[in-house]
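Here's the structure we're looking at; comments come further down.
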Amino acid sequence: MTVATSLIPGLDDIVRRGDPKRRGEIARAIAQLFFQDAAKLRPDLVELFDNLLIDLVPHAELASRTDLAERFSQLDNAPPRLVGQLARENEIMVAGPLLRRSPVLDEAALVDIARLKGQGHLLAMTERPTLSAQITDVLVERGDRDVVRRAAGNAGAMFSPGGYSELIKRASQDGVLTLKIGQREDLSGEHLKELLNGTLDVIRRRLSSVVKPDRQVEIKRAMAAIEEATLPPGPRRDFTAAQRTVLGLHRGGHLGESALLGFAKAHKYEESIASLSAMSGVRLTILDRLIAGDRHDPILILGRLLNLGWPTVRALILMWYGPNRTPADADLEQARVNFTRLMPATAERVVNFWRNRRSI
């Protein structure tokens, strides 16, 4: 029996032996006195109500506990011990309103609840107007997919560097989470690069379409840095002039097999690759890496996709060998046979895969 309950005759007997309905009625009556003038109550009176209600409310009917939790969740000076006890209830109908918005619950209490309770409690917590990094660390560590998505979408949530890294790690398997993280105002440039580096092209394009213009610029810069990092060491080819040439041909309606054949015969590698990129839709850096490899199979695949004639494909193969190497006739004949046998549907599937690659 508390000091508070001993002040009211018969109240301790109700607390100890009263049925839940009776406890609920008494709790509502006392709480109503609190609600009538809550804003003006001195701290000592709040403490008195706290001592009275904490013996009654937790043992009252579910409906009574739910109603009182909802009302107390909206007060700045709700009885703190009672709020803490109700917020720890397993019944989410009672705990939920307090976890979502009660200003009385401090960070230590929220972290403790987040570490001990289930996903329903964590999900309710993600709706709070603000969440500290200490709280979100636990939410990201213990939360399921819905909890983590909701936390990432909460503009008032803060994340520690470690929390952000864990979020991004989980986003590699969750396109919805990627979009939510990518739209956060507090996302750093390094974390954006980390996020994009583990994201499929289709999600990256979707992200670019939903973020603000300044974030779109950041995404382009991050992707350029990612692609640059994947390139091998040593001198890099400069495709700037070749891209201008190809763009001029395209605008004039002259970009086609004839132009490509001319570039290949002249051993103009940059112009040939830029033309193939524009004609196939495969990113230039990807195509350069493919064709600069140790096999000329990508040329055969692109030739079949673009319905090129063997003379053009042959010229591209000779360009691939370079001016100082001459392939054996048997090798060229084998390449022609392989090209002839290659099915257009197969070439289409392979090129679609290349189109969706971030890097090689």
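Miscellaneous remarks
- Residue in the stretch 96-106 that is within 22 Å of Gly156 (Cβ to Cβ), in contact with a Lys or Arg (Cβ under 8 Å, 6 or more places away or on another chain) and open to solvent by less than 60 Å² (accessible area, probe 1.4 Å) present: yes
- Count of residues meeting criterion [under 18 Å from Leu308 (Cα atoms), surrounded by fewer than 20 Cβ atoms within 10 Å (Cβ to Cβ) and of a type in the set (A, V, I, L, M, F, W, C)] in the stretch 275-286: 2
- The stretch 139-157: number of residues that are surrounded by 16 or more Cβ atoms within 10 Å (Cβ to Cβ) and assigned to a loop (DSSP other than H, G, I, E, B): 3
- Taking the numbered list (1) touching a strand residue (DSSP E or B) at 6+ places or on another chain (Cβ under 9 Å); (2) under 29 Å from Asn356 (Cβ atoms) in turn, Ser188 passes all entries but (1).
- Subset of the stretch 322-341 [open to solvent by 40 Å² or more (accessible area, probe 1.4 Å) and either of a type outside the set (D, E, K, R) or part of a loop (DSSP other than H, G, I, E, B) (or both)]: Pro323, Asn324, Arg325, Thr326, Ala328, Ala330, Gln334, Asn338, Thr340
- If you go through the stretch 58-77 and keep only what is open to solvent by less than 10 Å² (accessible area, probe 1.4 Å), closer than 19 Å to Asp37 by Cβ and either of a type in the set (A, V, I, L, M) or outside any loop (DSSP other than H, G, I, E, B) (or both), you end up with Leu68, Phe72.
The values are calculated or read from the model by the stated rules, or taken from the named source; none is laboratory data. For clarity, every value in this text was computed on a predicted model and none was experimentally measured. Cβ sites come from the backbone with ideal geometry, for glycine too, and all protein chains shown count toward neighbours. For accessibility, only protein heavy atoms count, side chains too; no ligands or nucleic acids. Shrake-Rupley method; radii C 1.70, N 1.55, O 1.52, S 1.80 Å.
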